[in-house]
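*Asks:* Got a structure here, written out as structure tokens. Questions coming.
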Amino acid sequence: MSKDKVDFFRHSLGPEEKEACLKVLDGLFITTGGACARFEEEFAHYLGAARAVTVATGTAALELALMALDIGPGDEVITTPMTFIATANVCLELGAVPVLVDVEPSTGNLDAALVEAAVTPRTRAIMPVHLYGAMCDMRALRAIADRHGLKIISDCAHAIESRRDGLGSADLADVACYSFYATKNITCAEGGAVAVGEPALAERLKSLRMHGMSKGAADRYKGAFQHWDMLELGRKANLPDVLAAMLSPQLKRIEQMWQKREAVSRRYEEAFAQIPGVDFPRVPEGAKSARHLFTIWVERRDQFLAEMQARGIGVSVNYRAIHLLSFYRQRFGYKPGDFPVAERIGDSTLTLPLFPAITDAEVARVIEAVKEVARLLA
């Protein structure tokens, strides 16, 4: 932590996580084994899901979910332009086509009212992204999916703790995908998980994460040696025990960490509500946001960003609308105006420091900096 700077993010890993990792390192098995299995059970229980499967990254979770649902060349997946590139990229990596739909002006989430018009005979799935931690309207999306025989693959990278309309982030999705990247609400530096209901789907995911093999290392070397077979072409995307060990201690205090982020987020909202030229995404009435990120929407965003950095405030941009990135423009011919709400958000969004260990004094510095810069650029 710099004395003169408010960091954008600081992780909350401590003695429990170190002890858990050392316990694995002191044992015989450091790759996917008992620690993964324990966390999978704990994580599924927390989510209220039937089962969970750990994987190497959140991106791998999305890709393996598509593979497990047999979505591939020529298939269409409806998703959002207001997300990290991984959401759409995994479709392309499997030969599928991401079909973008604009977002809600108040949340930045996929606009359920626009989704049905994007359905074609080639549509196989809807991939909503619960942006910043506020859930999409899953009841509306599930109704559309059921009418057209579609799967729902929820990108829950921001949304472990989220709830809306009596639902958790894994509910109503055929598959829900999570990330444990370095800045996520629980982290092991790199990692992910897939929550599923069907036992056969979970077993297929376990095979797909290990090249499509019928047995993982823990199975092959438990007791007498067991031969394995290759059932299909998979990926190398398993999570090792030495990383999974970090996750269980964090899961025990996940609500405590959420409460701290919630308090900071409410403080931000109260402070920014009356500042001309500063807006922010709204959490739907009665919903619980996981409060993964706190973003503001401002004019002259890049100048705003530079001024915040000059004041020692760590900031980021989450996200620019992906259809205007060079690759997607060239591949699909997208242009400004195609998804105007996502473009407005992408051109104005600025992410502020938000993490459990942020101090009251640091929050005050962030708020004062936002006020100063808003006045300067008005």
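*Asks:* As a test of the formula, what do you get for the chain when each DSSP H run with n ≥ 4 contributes -39,500 (n - 2.57) and the sum is divided by the residue count, at 222 nm and rounded to the nearest 500 deg cm²/dmol?
*Replies:* -11000 deg cm²/dmol
*Asks:* Which residue, Arg301, Arg331, Arg147, has the most motion in a Gaussian network model of the chain that connects Cα atoms within less than 10 Å?
*Replies:* Highest fluctuation of the listed residues: Arg331.
*Asks:* On to the next question. Find the percent of Cα-Cα distances in segment 152-285 that exceed 17 Å, and round it to a whole number. Let's see the in-between values first.
*Replies:* Values: 6336 of 8911 pairs.
Looking at segment 152-285, the distances longer than 17 Å represent 71 percent of pairs.
*Asks:* Within 10 Å, Cβ to Cβ, of Val341, how many net charges do the neighbouring residues add up to if Lys/Arg are +1 and Asp/Glu are -1? Intermediate values should be presented prior to the final figure.
*Replies:* Values: positive: Arg344; negative: Asp102, Glu104, Asp111, Glu343.
Residues near Val341 contribute -3 overall.
*Asks:* Quick one: Cα centre-to-centre distance for segment 302-347 and segment 2-43, in angstrom?
*Replies:* 33
*Asks:* Nearest 10 degrees, 0 to 90: what angle lies between the long axis of helix 58-68 and the longest principal axis of the chain (Cα atoms)?
*Replies:* That works out to roughly 50 degrees.
*Asks:* Based on the Kirkwood radius over alpha-carbon pairs, what is the Stokes-Einstein translational diffusion coefficient of the chain at 4 °C with 1.567 mPa s viscosity, in µm²/s?
*Replies:* Numbers: Rh = 21.5 Å.
The calculation lands on 60 µm²/s.
*Asks:* As a test of the definition: which semi-axes, in Å, follow for segment 103-225 when you take the square root of five times each eigenvalue of its alpha carbon gyration tensor? Largest first, please. All intermediate terms of the calculation are to be shown ahead of the outcome.
*Replies:* Values: eigenvalues 186, 73, 26 Å².
The three semi-axes for segment 103-225 are 31, 19, 11 Å.
*Asks:* Using only alpha carbon positions, build the gyration tensor of segment 306-378, then give the equivalent ellipsoid semi-axes as the square roots of 5 times its eigenvalues, largest first, whole angstrom. Let's see the in-between values first.
*Replies:* Details: eigenvalues 196, 39, 18 Å².
Over the Cα atoms of segment 306-378, the semi-axes work out to 31, 14, 10 Å.
*Asks:* Expressed in nm², what is the orientationally averaged projection area of the convex hull enclosing the Cα positions of segment 91-174? The partial results should precede the final answer.
*Replies:* Details: hull surface 22.0 nm².
Convex hull of Cα atoms, orientation-averaged projection: 5.5 nm².
*Asks:* While we're on this one: How big, in percent, is the set of alpha carbon pairs in segment 217-276 lying more than 16 Å apart? Can you show the working numbers first?
*Replies:* Working: 1272 of 1770 pairs.
So the pairs more than 16 Å apart make up 72 percent of the total in segment 217-276.
*Asks:* May I ask for the percentage of alpha-carbon pairs in segment 157-200 that lie more than 12 Å from each other?
*Replies:* Details: 580 of 946 pairs.
Everything past 12 Å amounts to 61 percent.
*Asks:* What does the charge count around Arg164 come to, taking other residues whose C-beta lies under 9 Å from its C-beta (Lys +1, Arg +1, Asp -1, Glu -1)?
*Replies:* On the way: positive: Arg139, Arg163, Lys288; negative: Asp137, Asp165.
Cβ neighbours under 9 Å give a net charge of +1.
*Asks:* Another question, if that's okay. On the principal axes of its Cα set, how long, how wide and how thick is segment 1-115? Give whole Å, largest value first.
*Replies:* Principal axes ranked by extent give 51, 45, 28 Å for the Cα atoms.
*Asks:* What translational diffusion coefficient, in µm²/s and rounded to a whole number, does the Stokes-Einstein relation yield for segment 254-377 at 10 °C and a viscosity of 1.306 mPa s, taking the hydrodynamic radius as the Kirkwood radius over Cα pairs?
*Replies:* Values: Rh = 15.6 Å.
For these conditions, the coefficient is 102 µm²/s.
Bear in mind these aren't lab numbers, they're just calculated from the coordinates by the rules spelled out. Worth saying up front: this structure is predicted, and the values here are computed from it rather than measured. When we count neighbours, we look across all protein chains shown, and the Cβ atoms used for this are built from the backbone with ideal geometry, even at glycine.
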